[in-house]
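Remarks on the structure that follows.
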Amino acid sequence: MLKSAAGKQALLAFAERFSIPVATSVRHADLIPNDHPLFAGHLVYGLPAALKESVTRSDLILAIGTRLGDVTSQSFHFPAAPQAAQTLVHIWPDSTVVSRYRQTDIAVAADPVASLHTLNNANVPAVPAARHDWIRSVHHTTVALRDWKPMPDQADGVVFGNIMVQADALLPEDAIICLDAGNFGGWVQRQLRFSPTRQLIGPSSGAMGYGVPSAVACSLAEPSRPVVCFVGDGGFMMTGTELATAAQYGATPIVIISDNACFGTIRMHQEKHFPHRPSATALHNPDFAQLAAACGAQTFTVQHSDEFAPALTTALHSKKMCVIVVRTSLNYISPNATIAALQQSGGAA
Ligand SMILES: Cc1ncc(C[n+]2csc(CCOP(=O)(O)OP(=O)(O)O)c2C)c(N)n1
């Protein structure tokens, strides 16, 4: 498994040995330290245009330990199916997966980590100077995207990017970050720096409801490490009652709920295609702090951006199960869009 410590080591050794930048598949941003000059980005849903432009300038894709699924491949555009614009080498253990959707120049049905070990014994060809310029420019794009300038708090809540600036500064290097699905995750994936030890756990399928149970399980499996779950109010309403399981078994996750009183992702799509016609996306939530307290959690409610850092600091020191409820702006629906702007674009998006 590429996600194992040995897999991550082999990948980094390979990248450094051959001076090859690494863009990770969705939810695998922790394969390589995100501060590393060879980190070329995280291929997520709605990849920012600047990053898409940077990575598609490649002339060779070594797809190692990824199925090149719909999200990672940006709806089968990078690498394109059925014919990639780049030379394509695909290494994955299952022969029915390599070359399933695309013509592959070299298809290898083999263990990705063993393949990396083999490649790491090969001679290193000379690296053209232009590649170094490209590597610098791709990495620079990832750094620039992370650089979020905190915004004033809004009448409808906090812009979630403000929270992520603080979380990135405060989370320890050995934190395990469990991610549910939803637009709040756009900020998590863009602004948090992951690494082989600051792990990201989340389903590549983007399924909601995964965050809280996975945080409970990670906390039980790794009790000495801080485990932090980011989840929307919609996702929390699916499986949030697993807090009771955490209490039963003594797990101590920190659950951060982005509460915008909405299935925000779906509302965004509704406003994009049918402005001013939201349908069945507003949520009438329970009082999450009270609900969590009833399950035995220590709770915090964040109405203003500056209340978050003290809450997370206390939670990290408490070694107890904690729930931080962030009243998140619905209007600031993603790092790139507001509901108001989508409505004004009149369904043109
Ligand atoms: C199990 C499951 N059901 C439905 C979806 C489709 N879906 C993706 S995001 C989303 C809404 C998420 O809402 P919330 O958790 O409040 O996060 P937000 O988008 O508001 O940040 C839905 C319904 C999904 N990904 N998984």
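Okay, here's what the table says:
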{"item": "Leading residue by the ranking (farthest from the chain's Cα centre (by Cα)) among those in region 197-228 that are free of Cβ contacts under 8 Å to residues at least 60 places away in the same chain and within 10 Å of the ligand (Cβ to nearest atom)", "result": "G209"}
{"item": "Total residues in region 234-245, condition away from the ligand (no atom under 12 Å from the Cβ) and without any contact (Cβ under 8 Å) to a residue 40 or more places away in the chain", "result": "2"}
{"item": "Wholly within region 176-271, helices (runs of 4 or more DSSP H) carrying at least 3 residues that are closer than 30 Å to A341 by Cα", "result": "184-191, 233-239"}
{"item": "One residue from A13, A40, A6, A23 being touching a Gly at 6+ places or on another chain (Cβ under 8 Å) and touching a residue at least 24 places away in the same chain (Cβ under 8 Å)", "result": "A23"}
{"item": "Subset tally (residues that are within 16 Å of the ligand (Cβ to nearest atom) and in a helix (DSSP H, G or I)) for region 293-349", "result": "2"}
{"item": "Test: A280 is surrounded by 19 or more Cβ atoms within 10 Å (Cβ to Cβ) and either within 24 Å of the chain's Cα centre (by Cα) or within 16 Å of the ligand (Cβ to nearest atom) (or both)", "result": "no"}
{"item": "Single condition V231 does not satisfy, out of (1) touching a residue at least 24 places away in the same chain (Cβ under 8 Å); (2) over 30 Å from S25 (Cβ atoms); (3) within 11 Å of the ligand (Cβ to nearest atom)", "result": "(2)"}
{"item": "Residue in region 199-207 that is of a type outside the set (D, E), surrounded by fewer than 21 Cβ atoms within 10 Å (Cβ to Cβ) and closer than 23 Å to H284 by Cα present", "result": "yes"}
{"item": "The listed residue being modelled with pLDDT under 95 and either of a type in the set (G, A, S) or within 30 Å of Q191 (Cβ to Cβ) (or both), out of G41, G46", "result": "G46"}
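The values are calculated or read from the model by the stated rules, or taken from the named source; none is laboratory data. Since the model is a prediction, treat every value here as computed from it, not as a measurement. We place every Cβ from the backbone using ideal geometry, glycine too, and count neighbours over all the protein chains shown.
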